[in-house]
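The values are calculated or read from the model by the stated rules, or taken from the named source; none is laboratory data. Quick caveat: nothing in here was measured; it's all calculated off a predicted structure. Here Cβ is always computed from backbone atoms with ideal geometry, including for glycine, and neighbour counts include all displayed protein chains. For the accessible areas, the whole protein counts, side chains as well, though only heavy atoms, and no ligand, DNA or RNA atoms are used. Shrake-Rupley method; radii C 1.70, N 1.55, O 1.52, S 1.80 Å.
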Amino acid sequence: DGQRQFLLDNISHAGAPGYEVLTVLRLEEGGELLVNRGWVPFSGYRDRLPDVSLADVSGAGNVHVLTGRLGVLPVAGLAAGRQPPANEGPWPRLTSFPQHAELEASLGSSLLPPVLLLDPDSGAGYLREWRPPGLAPERHFGYAMQWWMFAAAALVLFVVLNRKRNR
């Protein structure tokens, strides 16, 4: 449904500000699902939103196969950064870290809970470099190394302090 889309504000990529584009997908079995079509850069003006229409996309309309992974809506680090979408007005609607119920209220229909994060080569969209949630593995290796160093330091202190006692 290229007529009803959301732009998730305050999303950055490689340090540049921009939006993530959420588009409603009507399923043949019934129900609607949000599809995250990727990131678009901020144009520099809040009153000029990027053109995210599906009009110029070949194959838009009836889509038969989309691939991706199921995810959730992004959450803000601080609750003050949230802005629900407007319930009236033109589309696309700007929002910042909305909740699922707020998007449903703006659409006037119910949505399936997950969000489909499209694969980079699946369907019409924009920049898609999804990262799995959580910390990168390198962060865990550094943390493990820190604890091994603490254990080695404790062992050295134990040996040094007990050696002086025996003399």
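Observations on the structure shown:
- Here is how the number arises for the chain: DSSP H runs of 4 or more residues each give -39500 (n - 2.57), the sum is divided by the residue count, and the result at 222 nm is -8000 deg cm²/dmol.
- Computed over protein heavy atoms with a 1.4 angstrom probe, the accessible surface ordering of Trp148, Trp91, largest first, is Trp148, Trp91.
- FRET efficiency, 1/(1 + (r/R0)^6) with R0 25 Å, evaluated for Asp119 and Glu29 via beta carbons: 0.70
- Mean projected area (nm²) of the alpha-carbon convex hull when the chain is viewed from all directions: 14.7 nm²
- Remark on Gly68: its backbone amide H falls under 5 Å from those of Asp119, a criterion applied only to residues 5 or more positions apart or on other chains, H modelled at 1.01 Å from N.
- 0 to 90° range, to nearest 10: angle between helix 137-166 axis and the chain longest Cα axis: 10 degrees
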